[in-house]
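**Student:** The structure under discussion is supplied below as structure tokens; questions concerning it will follow.
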Amino acid sequence: MALPANPLPKFDRLPKHVAVIMDGNGRWARKRGLPRIAGHKVGIESVREVIRAARELGIGHLTLYAFSTENWSRPKSEVGFIMRLLTLYLKRERSELHEKGVRVASIGRIEGLPAALFKELKACMEFTAGNRGMVLTLALNYGARQEILDAARRFPRRASGGRARSGATDEDRFSALLGTAGMPDVDFVIRTSGEMRLSNFLLWQVAYAELYFTPTYWPDFRRPQFLEALRDYARRERRFGDIAPRSA
Ligand code: FPP
């Protein structure tokens, strides 16, 4: 009997929500004597592989940090290249993502993106809106402090001070005002390239997340590296401040 080309390992425990800080594209390229943009281009292949593996494993939510509010300070030519790359990616992958049941979502101030990318992103989100498979959230022009401040401005001045009659706590009601409203908290953060920072990514949502840092540059972070990260997650005990481990 023929075996599938890439059999997936079985995991005792998988995160419901994985968030990835894709870092090291520039260094990957420089190491090879290539311009930084070459790293971003090859990084797209890692994006494809990680999305595919996550979807096949049945991970519900994958959130990718594609462009932060701080990234605008890069050279104009690099910013322009990343924006065009993202636009092209969405244009090319829309049908495939839809066929596989992926719903594309976004967080961040997307109205501040170049018009072509904004239009493509909107089209992709609308096209896949009815899908019930994995939710792929792209963080674009995103900054967590800004997201938290925006939510704080909209939070009713008189908080209930605990559990409201609806059963929702103030924390639940605050979470519902964030870009990630309706999504589970992040269980697992992966950052590539050896940097050990959160860089203003999902600061509220990662409160109890497990963190995974790898020296691998993003363009080299493919399916085997992603599976290795998930094996590491499966080995961890999550206690949420309690004394006994809880499953998640
Ligand atoms: C970090 O590497 C990468 C970025 C800021 C851009 C990430 C964008 C992509 C991989 C493009 C595709 C994304 C999607 C979702 C389709 P860096 O430039 O900071 O690398 P360095 O730290 O080595 O300079």
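**Student:** I'd like to know if the stretch 44-51 contains one or more residues that are small (G, A, S) and either part of a loop (DSSP other than H, G, I, E, B) or more than 9 Å from the ligand (Cβ to nearest atom) (or both).
**Tutor:** At the first step, the residues of the stretch 44-51 found to be small (G, A, S) are 46.
The next check asks that each one be either part of a loop (DSSP other than H, G, I, E, B) or more than 9 Å from the ligand (Cβ to nearest atom) (or both); those that pass are none.
No.
**Student:** Given the residues A248, A209, which is the only one that is open to solvent by less than 40 Å² (accessible area, probe 1.4 Å) and modelled with pLDDT under 95? Break it down stepwise before answering.
**Tutor:** Values: A209 fails: modelled with pLDDT under 95.
Step by step, each of A248, A209 is checked, and only A248 is open to solvent by less than 40 Å² (accessible area, probe 1.4 Å) and modelled with pLDDT under 95.
**Student:** With K41, K91, K10, K76 as the choices, which residue is open to solvent by 80 Å² or more (accessible area, probe 1.4 Å) and closer than 30 Å to A181 by Cβ? Full working, then the answer.
**Tutor:** Working: K41 fails: closer than 30 Å to A181 by Cβ; K10 fails: closer than 30 Å to A181 by Cβ; K76 fails: closer than 30 Å to A181 by Cβ.
Residue meeting the stated conditions: K91.
**Student:** Out of everything in the stretch 133-170 that is modelled with pLDDT of 95 or more and charged (D, E, K, R), what residue ends up being surrounded by the fewest Cβ atoms within 10 Å (Cβ to Cβ)?
**Tutor:** R153
**Student:** Among (1) closer than 25 Å to A181 by Cα; (2) away from the ligand (no atom under 12 Å from the Cβ); (3) not small (G, A, S), there is one condition N71 misses while meeting the rest; what is its number?
**Tutor:** Status for N71: all satisfied but (2).
**Student:** Then there is this: Which residue pairs have Cβ atoms closer than 6 Å, lie 6 or more positions apart in sequence or on different chains, and pair a first residue in the stretch 193-204 that is open to solvent by less than 40 Å² (accessible area, probe 1.4 Å) with a second residue that is part of a loop (DSSP other than H, G, I, E, B)?
**Tutor:** The qualifying pairs are S193/D23; S193/G24; S193/Y217; G194/P215; N200/G143; L202/V186.
Every residue, every condition in (1) out of contact with any strand residue (DSSP E or B) (no Cβ under 8 Å at 6 or more places or on another chain); (2) more than 24 Å from H17 (Cβ to Cβ); (3) of a type outside the set (V, I, T), yes or no:
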position: P114; (1), (2), (3): yes, yes, yes
position: F118; (1), (2), (3): yes, yes, yes
position: E126; (1), (2), (3): yes, no, yes
position: A129; (1), (2), (3): no, no, yes
position: M134; (1), (2), (3): no, no, yes
position: A144; (1), (2), (3): yes, no, yes
position: L149; (1), (2), (3): yes, no, yes
position: A152; (1), (2), (3): yes, no, yes
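**Student:** Sort out which residues of the stretch 93-151 are more than 13 Å from the ligand (Cβ to nearest atom), assigned to a helix (DSSP H, G or I) and among the basic types (K, R), and write them in order of number.
**Tutor:** Within the stretch 93-151, K119, K122, R145 qualify.
The values are calculated or read from the model by the stated rules, or taken from the named source; none is laboratory data. These numbers were taken from a predicted model, which means no experiment stands behind them. All Cβ positions, even for glycine, are placed from backbone atoms using ideal geometry, and neighbour counts span all protein chains on display. Just the protein is used for accessible areas: all its heavy atoms, side chains included, with ligands, DNA and RNA removed. Shrake-Rupley method; radii C 1.70, N 1.55, O 1.52, S 1.80 Å.
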